[in-house]
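S.K.: There's a structure below that I have some questions on.
The values are calculated or read from the model by the stated rules, or taken from the named source; none is laboratory data. What you see is a predicted model; the values in this text were computed from it and never measured. Cβ: placed from backbone, ideal geometry, glycine included. Neighbour counts: every protein chain shown. Keep in mind that these areas ignore ligands, DNA and RNA; they rest on the heavy atoms of the full protein, side chains included. Shrake-Rupley method; radii C 1.70, N 1.55, O 1.52, S 1.80 Å.
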Amino acid sequence: MHRAVLDLAPPRWRPDAAKRLDQADGVFSGYLRGQMLVASILAGLYCVGLSLLGIRFGIVIGLLAGFLNIVPYVGLLTGLTLSLTMAAVDFAGWGRLVGVLAVFGACQFAEGAFITPRVVGDKVGLSPLESIIALILGGEFGGLAGLVLAIPVAGTLKIYGRDALAAYRACVFFRE
């Protein structure tokens, strides 16, 4: 695909086009690595929280919920459903059910407010504020697909916007 896109560019522009494609590739690969790191962190947090509560299969549920978190809401809903089901089956009072809700609530808060903006934003080249704004706009305009694509698209647009601003400042119109 990289070669096909480069073949569409005029020969004199190919070195610049290759550079920009490499930058975009870096953004997308950084996003994927960041998402895997976030999923691993969440899996660890869920495993610890559910194990401390004494939820049967807490480690398996935590791993599943953490790694399914790559798809927005799927990990949360799967993990919460399985954890609440296991807590209800082994009913030992309302404290365990409330504890499951607290674990998932705390992890989701930490993920949305701290983990994803810092981990994924750093890998893509976005500040935490830029990451949060990208997620809000992506979710608002694109729904689930917008949430998944928001950060890599924002990182790519930031790179191309920086290049466009530099080109504008270098043009004759700006200097006069």
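S.K.: Return yes or no: is residue 79 closer than 17 Å to residue 147 by Cα, open to solvent by less than 80 Å² (accessible area, probe 1.4 Å), modelled with pLDDT of 90 or more and assigned to a helix (DSSP H, G or I)?
M.R.: no
S.K.: Which one of these is in contact (Cβ under 8 Å) with a residue 40 or more places away in the chain, within 15 Å of the chain's Cα centre (by Cα) and open to solvent by less than 80 Å² (accessible area, probe 1.4 Å): 147, 126?
M.R.: 147
S.K.: Only one of 105, 93 is more than 18 Å from residue 41 (Cβ to Cβ) and either out of contact with any Ser or Thr (no Cβ under 9 Å at 6 or more places or on another chain) or of a type in the set (Val, Ile, Thr) (or both). Can you tell me which?
M.R.: The conditions single out 93.
S.K.: Right, next: In region 1-25, which residues are in a helix (DSSP H, G or I), within 20 Å of residue 167 (Cβ to Cβ) and of a type in the set (Gly, Ala, Ser)?
M.R.: Result: 17, 18, 24.
S.K.: Another question, if that's okay. State yes or no: is residue 49 in contact with a Phe, Trp or Tyr (Cβ under 6 Å, 6 or more places away or on another chain) and in a helix (DSSP H, G or I)?
M.R.: Numbers: in contact with a Phe, Trp or Tyr (Cβ under 6 Å, 6 or more places away or on another chain): no; in a helix (DSSP H, G or I): yes.
So residue 49 does not fit the description; no.
S.K.: So, in region 52-76, exactly how many residues are part of a helix (DSSP H, G or I) and open to solvent by 30 Å² or more (accessible area, probe 1.4 Å)?
M.R.: The total comes to 10.
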